[in-house]
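The values are calculated or read from the model by the stated rules, or taken from the named source; none is laboratory data. These numbers come from a predicted model, not from an experiment. No Cβ is skipped: glycine too gets one built from the backbone with ideal geometry, and neighbour counts run over all protein chains shown.
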Amino acid sequence: MSNQDIQVAALGLAPTLPSAAAPSHGPVSLDDVPLNAFHVKIAGLTFGAHLTEGFALGTIGYALAAMNRQMPIDAFWMGMIGSSALMGIFLGSLVFGWLSDRMGRQKIFLLSFLIITAAAFAQFYVRSPAELCLLRVLIGFGMGGDFAVGHAILAEFSPRKHRGTLLGSFSVVWTIGYVMANVLGMHYADSSPDAWPGCWPRRACRQ
């Protein structure tokens, strides 16, 4: 069984072969299977992950600006919180890239988003800038896992005919998420003190 077959089975998805590619005609390479529901699921998972990551990174600038008007944060913590996710991405890419060769890309892909989800919800309960900074590092750490394996998963399972289009679109979708965050930030950040969802850690500096 090939590595691709093993990963398909692990994902619980199986590419649907057209009737013309019946077993009597011999095996069909995954590279040559026409675009089908399996490929749509893979693209949806990877595209959705990349979109939300771009959005998550884009929101922090407006969130920090809104927070700082309500409860001033000193320059050190503004810089640390603003850059913390990027530091996490750097570390996560190194660690998860290494682990993916030993654990498999599918496990790393799932693990990375468990980390992102848990850390994102934990942000609602932070009590200090240091806690918020640490959680942002963890979010970035999880993103680093997707950055390390997302392109590889999409490239491996995409049909040869559509691979270039899918990979190009995959790179663009992150930018769409980032732009969405900035558009929403410009629209909502100044509408009221509590309008922007990024203002959730307003207790952080209320010491």
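Spot the failing condition for ARG102; the list is (1) modelled with pLDDT under 70; (2) closer than 30 Å to ARG160 by Cα, and only one is missed.
Of the numbered conditions (1) modelled with pLDDT under 70; (2) closer than 30 Å to ARG160 by Cα, the odd one out for ARG102 is (1).
Answer with yes or no whether PRO197 is modelled with pLDDT of 50 or more and surrounded by fewer than 20 Cβ atoms within 10 Å (Cβ to Cβ).
No; evaluated as a whole, the condition is false for this residue.
Looking at region 172-189, which of the residues that are in a helix (DSSP H, G or I) and at pLDDT below 80 is surrounded by the most Cβ atoms within 10 Å (Cβ to Cβ)?
Within region 172-189, the match that is surrounded by the most Cβ atoms within 10 Å (Cβ to Cβ) is GLY185.
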